[in-house]
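Notes follow the structure.
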Amino acid sequence: MNEPDTIANPDTEPGPVLALPSPDASVAAAPLLVSAGPAAAPSSLREEFPGEVEMSLVDHLEELRRRVLRSLLAVVIAAAACLAFVRPLVKLLEMPAQGVRFLQLAPGEFLFVSFKVAGYAGLTLALPWLLFEGLAFVLPGLSRRERRLVAPAVAGSTVLFAAGLAFAWWALVPAALRFLVSYGADVVEPLWSIERYLDFVLLLMLATALTFQLPVLQLLLGALGLIDARTMLGAWRWVILISALAGAVLTPSTDPVTMLLLGGAITALYLIGVGLVALSQGLRPAPTGNA
């Protein structure tokens, strides 16, 4: 008679049943080795996910809660520091509106404006720490290939965010203000609420900085193989339509100059992203396989 396939008796020896090595059993046991933990996982899998740590859902939620709280604390600290210099910041934001007098139309309006300006400035200053907390949360679950995309994406996102702020400050805001001030200047005197003006400037700058992240998003999607440059370029008609709608929605004012500038910038950024995806595809080594 053949020997039994198991060496444990469930009636007398409680515990898992161990299967003896056999050609069929080795194939069936491979998934069990992967799910047993990092020590039992194949070396190729550990090399592909070097920072992977097994955690329960509760542990993941607890870590996410801690990182969100630390991020909020960083924003509050940065906003409190900016509140001490809020008057120079407000004067700086008033510079594009030359020839316009600003009024406080309600008691405490400038106080609320000060908190709002400090909040926007604190959020901008705290962005590096927010990126750090977000990356520290997601990096352990990324593969080596995905990790190689993190540093270029973060660097490109930072540069484009600053470029978006500069473009809004030097191009969009002055163009919009020139149009709004000149229109009806012979009929009404420009006396603006400081709160309404700063809402317009801050929202326009933030919206422009966020739209400048479009090439980074395209490059990530192309690097992950989710979309290619030819498909992106084939959708140019939809891109122009969506850019025009986005320019109308993201612009706080209703002037056509700002909407056209922002819509044109979004279209140009999309085309830049298509070029980056095409360049990355051209530099990618051709797959080699045995016939």
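The values are calculated or read from the model by the stated rules, or taken from the named source; none is laboratory data. Note that the structure is a prediction, hence the values are computed from the model and not measured. Neighbour counts run over all protein chains shown; Cβ positions are idealised from the backbone, glycine included.
Descriptive notes on the structure:
- Check on F179, touching an Asp or Glu at 6+ places or on another chain (Cβ under 8 Å) and either within 22 Å of L103 (Cα to Cα) or surrounded by fewer than 20 Cβ atoms within 10 Å (Cβ to Cβ) (or both): yes
- The residue that is nearest to P88 (Cα to Cα), counting only those in the range 184-201 that are surrounded by 11 or more Cβ atoms within 10 Å (Cβ to Cβ) and without any contact (Cβ under 8 Å) to a residue 24 or more places away in the chain, is R196.
- Any chance T211 is among the polar types (S, T, N, Q), closer than 24 Å to P152 by Cβ and loosely packed, with under 15 Cβ neighbours inside 10 Å: no
- Every pair of residues 6+ apart whose Cβ atoms lie under 7 Å, when the first sits in the range 94-106 and is surrounded by 12 or more Cβ atoms within 10 Å (Cβ to Cβ) while the second is modelled with pLDDT under 85 and not in a loop (DSSP other than H, G, I, E, B): V100/V181
- The range 113-140, subset closer than 24 Å to E195 by Cα and of a type in the set (F, W, Y), residue surrounded by the most Cβ atoms within 10 Å (Cβ to Cβ): Y120
- Every condition in (1) of a type in the set (A, V, I, L, M, F, W, C); (2) in a helix (DSSP H, G or I); (3) in contact with a helix residue (DSSP H, G or I) (Cβ under 7 Å, 6 or more places away or on another chain) holds for L203 except the one numbered (3).
- Lone unmet requirement of (1) out of contact with any Leu (no Cβ under 7 Å at 6 or more places or on another chain); (2) within 29 Å of E146 (Cα to Cα) for L214: (1)
- Boolean, G234 is at positive phi, without any contact (Cβ under 8 Å) to a residue 60 or more places away in the chain and either among the aromatic types (F, W, Y) or out of contact with any Gly (no Cβ under 7 Å at 6 or more places or on another chain) (or both): no
- Where helices (runs of 4 or more DSSP H) fall entirely within the range 29-115, those with at least 1 residues that are modelled with pLDDT of 90 or more are at 57-83, 86-94.
- Among residues of the range 61-84 that are farther than 18 Å from L111 by Cα and of a type in the set (V, I, T), those with a Cβ under 9 angstrom from a residue that is in a helix (DSSP H, G or I) and modelled with pLDDT under 95, sequence gap 6+ or separate chain, pair up as V68/E133; V75/G119; V75/G122; V75/L123; V75/L125; V75/W129; V75/L130; I77/G122.
- Residue among V86, V90 that alone is surrounded by 13 or more Cβ atoms within 10 Å (Cβ to Cβ) and under 22 Å from F167 (Cβ atoms): V90
- The set of residues in the range 206-215 that are closer than 18 Å to W170 by Cβ and part of a helix (DSSP H, G or I) comprises L206, A207, T208, A209, L210, T211.
- Residues of the range 126-144 classified as of a type outside the set (A, V, I, L, M, F, W, C), touching a helix residue (DSSP H, G or I) at 6+ places or on another chain (Cβ under 9 Å) and more than 15 Å from V76 (Cα to Cα), total: 4
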